[in-house]
Amino acid sequence: MKKLFKLGCGAAFLALMAGAQTAQAQSSMDDPLRDGYYETLKGKKVVFVPVFMGLDLTEGWSKIMARQAEELGYSYEVRNSNFNTAAGAQTITSLVSEKPDVIVVQNPDVQSYAKLLQQAEKAGIRVIQLNMKTNFQTTGFVGADVELIGEKQANAAVAKCSGGDKPGKVLVLAGPPSSPFSAYMLKGYENILNNNPKVEIVSVQSTGDYESAKAKSITQVVVQQHPDLCAILGVWDNTDVGTAAALQEAGMSDKVFVTTSGGGGELACKGLRDGLWQYYVSYDVPGQGRDLNALIMSALQDTNTVGSIKTVLYTPLVEYRPETLGDTKCWSLDTLR
């Protein structure tokens, strides 16, 4: 037994020494892609043209884009159109002459920027449309499947309002008639609600440029006309703060089921906890930001003819309800990573 033990120890010692020699023999290696990756980004420029800064959505997207630009060493700037479509069009016209490498644009409507975005791509500028698209498909689109948001909201309203003897009454609060976001969401509502015997749409009205005050005034009138209103389908959480205020003033917060959507920021959770709305579809700004940055990086490294490759990234949606919210903390600008 002693002899065997001695042999075993010797074998172990030899194995240990061999391992040490192997470790000493290993050397570092250069990543063959790394230098070229960073070199490609030097001197590149990305410009963001939002509809309006100062919103949780646009500030969140911009912070995520700016952080990546700083980390990787390319230029990033914002040209705010401040809810002025003419100013935004002039900005894009100027950018066609300036020729940044990538323009990220949030469109105010389906048509206003469409020809300008075509001109930009013809001039060799890759265009990524963000959450609100035109009818012209550019190099990239990152955003929500808005029609699916509408379907989810409508299904939630049907589930809430279909239990009575009569069809449940539903109010639809849309955005600007020309807004792609509002138009696609209405299509989603129609997919579920049209010819549905379980619900009755009592009114479809525009809140203008997503105006909270207008949502409030419309809701005030409709609940007076229909005190048995069952549900309201709202286009955006910032707008539907006004919707909720009208219901609170009428003493109907517990009677009317409100659905809305947004980027999943602090207002989303606050609204659910405070009873402003009972169903929320988030298009998840932090997730969108990562997808957007990935598409920007792809565009900055692409050597193909501009417009020859077109990518669409519909970002995953997240559904929130008060009873399933738990300890969820919606994002804020301070928590964005």
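Would you point out the residue of the stretch 122-131, among those that are under 21 Å from residue 61 (Cβ atoms) and not β-branched (Val, Ile, Thr), that is farthest from the chain's Cα centre (by Cα)? Across the stretch 122-131, the extreme among qualifying residues is 126. Checked across the stretch 281-291, the condition of being β-branched (Val, Ile, Thr), assigned to a helix (DSSP H, G or I) and touching a strand residue (DSSP E or B) at 6+ places or on another chain (Cβ under 9 Å) holds for at least one residue. Among the residues making up the stretch 237-256, those that are out of contact with any strand residue (DSSP E or B) (no Cβ under 6 Å at 6 or more places or on another chain), in contact (Cβ under 8 Å) with a residue 24 or more places away in the chain and assigned to a loop (DSSP other than H, G, I, E, B) are 250, 252, 255. Being farther than 30 Å from residue 33 by Cα and either among the basic types (Lys, Arg) or in a loop (DSSP other than H, G, I, E, B) (or both) is true for just one of 328, 260, 303, 324. Which residue is that? When all the criteria are applied, what remains is 328.
When residue 60 is tested against the conditions (1) modelled with pLDDT of 95 or more; (2) not in a helix (DSSP H, G or I), the lone failure is (2). Just one residue in the set 233, 229, 247, 171 is touching a Phe, Trp or Tyr at 6+ places or on another chain (Cβ under 9 Å) and either in the same structural domain as residue 83 (by TED's automatic domain parsing) or surrounded by 22 or more Cβ atoms within 10 Å (Cβ to Cβ) (or both); that residue is 233. The residue that is surrounded by the most Cβ atoms within 10 Å (Cβ to Cβ), counting only those in the stretch 316-336 that are touching a helix residue (DSSP H, G or I) at 6+ places or on another chain (Cβ under 7 Å) and farther than 19 Å from residue 274 by Cβ, is 317. Screening the stretch 99-117 for residues that are out of contact with any strand residue (DSSP E or B) (no Cβ under 8 Å at 6 or more places or on another chain) and at pLDDT 95 or above and picking the one that is nearest to residue 175 (Cα to Cα) gives 114.
The values are calculated or read from the model by the stated rules, or taken from the named source; none is laboratory data. Everything quoted here is computed from the prediction, not taken from an experiment. Virtual Cβ from ideal backbone geometry, glycine too; neighbours counted across all protein chains shown.
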